[in-house]
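The values are calculated or read from the model by the stated rules, or taken from the named source; none is laboratory data. Since the structure is predicted, the reported quantities are computational estimates derived from the model, not experimental observations. All Cβ positions, glycine included, derive from the backbone under ideal geometry; neighbour counts span all protein chains shown.
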Amino acid sequence: MSQSSSSPAAPDASSARRRRLLILAGAVAAAILVVAVVVVATRPASDATAGSEVETLFAGIPQEGLTLGDPDAPYTLSEYVDLQCPFCRDYTLQTLPSVIQEFVRDGQVKLSLRPIDILGPDSETASLATIAASEQNLAWQFADTFYRDQGPEGSGYVTDEFIRQVATQTPGLDVAALDPDSPSVRKVLDDTRRLAGEIGISSTPSFLLSKAGEQGQLLTADSGDPAAFTAQLREALGE
């Protein structure tokens, strides 16, 4: 009696366990799906979208080394930046497009990018990579792409892998040809450090507006307001 009465219970218990396992597996799969959706939803614009925005911003503008704009433009705006600097990122993504549209595209001003390493070793790595990109006349595109992926300052995120990732996302850049360790690249960074010291630049972003044969004028972008900076630049140009 004990055998015959207990034998039907075993399949029921086994079935219940299977049902519980299936429910648990379904719950786990649902949770993974939710996490994946959240990650995708909270990521920045896709690489393709970001690359298209970068291409559009700089399209049709002459670029030679670290200089962007008409080589014969009467004024040069030198931009001293640390690619780890969040304020440099804000300026580049919020204000630079207005500067390019109003002053660079009409040939009034050419821009000179001056990457510098104020915030430590990661900033040196980022500066050297940007200068290396200038050897392909793509420094401005590289820097813009870098800012879009910028991590927390001093967190150690600027690894060789991160630089490769940014280089890969930079439209038109030959990643294999990028050589941040070349002597010519390091010389440019050394020269930028020297110039910054001579001018008295100790924070980023800092700007020097100059005209051939005249002393330059330092400008600031403290407010983070594109209209405020362009108004300041307009006034400095005597408009």
Subset of the range 188-239 (residues that are over 18 Å from LEU113 (Cβ atoms) and of a type in the set (Lys, Arg)): LYS211, ARG234
Which one of ALA45, ALA73 is part of a loop (DSSP other than H, G, I, E, B), modelled with pLDDT of 95 or more and either more than 17 Å from the chain's Cα centre (by Cα) or among the aliphatic types (A, V, I, L, M) (or both)? ALA73
Would you check if PRO115 is touching a Ser or Thr at 6+ places or on another chain (Cβ under 6 Å), within 29 Å of LEU233 (Cβ to Cβ) and touching a residue at least 12 places away in the same chain (Cβ under 8 Å)? yes
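On the basis of being modelled with pLDDT of 95 or more, in contact with a strand residue (DSSP E or B) (Cβ under 9 Å, 6 or more places away or on another chain) and either in a strand (DSSP E or B) or in the same structural domain as THR220 (by TED's automatic domain parsing) (or both), does VAL99 make the cut?
Numbers: modelled with pLDDT of 95 or more: yes; in contact with a strand residue (DSSP E or B) (Cβ under 9 Å, 6 or more places away or on another chain): yes; either in a strand (DSSP E or B) or in the same structural domain as THR220 (by TED's automatic domain parsing) (or both): yes.
Yes.
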Scan the range 113-127 residue by residue and report those that are under 14 Å from the mean Cα position of the chain (by Cα) and more than 22 Å from ILE61 (Cα to Cα). ASP122, SER123, THR125, ALA126, SER127
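Do we find that SER123 is under 15 Å from ARG89 (Cβ atoms) and out of contact with any helix residue (DSSP H, G or I) (no Cβ under 9 Å at 6 or more places or on another chain) in this structure?
yes
Can you report the number of residues in the range 120-134 which are free of Cβ contacts under 8 Å to residues at least 60 places away in the same chain and either in a helix (DSSP H, G or I) or touching a Pro at 6+ places or on another chain (Cβ under 8 Å) (or both)?
Restricting attention to the range 120-134, the residues satisfying the condition of being free of Cβ contacts under 8 Å to residues at least 60 places away in the same chain are 120-123, 125-126, 129-130, 132-133.
Next, from what is left, pick out any that are either in a helix (DSSP H, G or I) or touching a Pro at 6+ places or on another chain (Cβ under 8 Å) (or both): 121-123, 125-126, 129-130, 132-133.
Of the residues in the range 120-134, 9 are free of Cβ contacts under 8 Å to residues at least 60 places away in the same chain and either in a helix (DSSP H, G or I) or touching a Pro at 6+ places or on another chain (Cβ under 8 Å) (or both).
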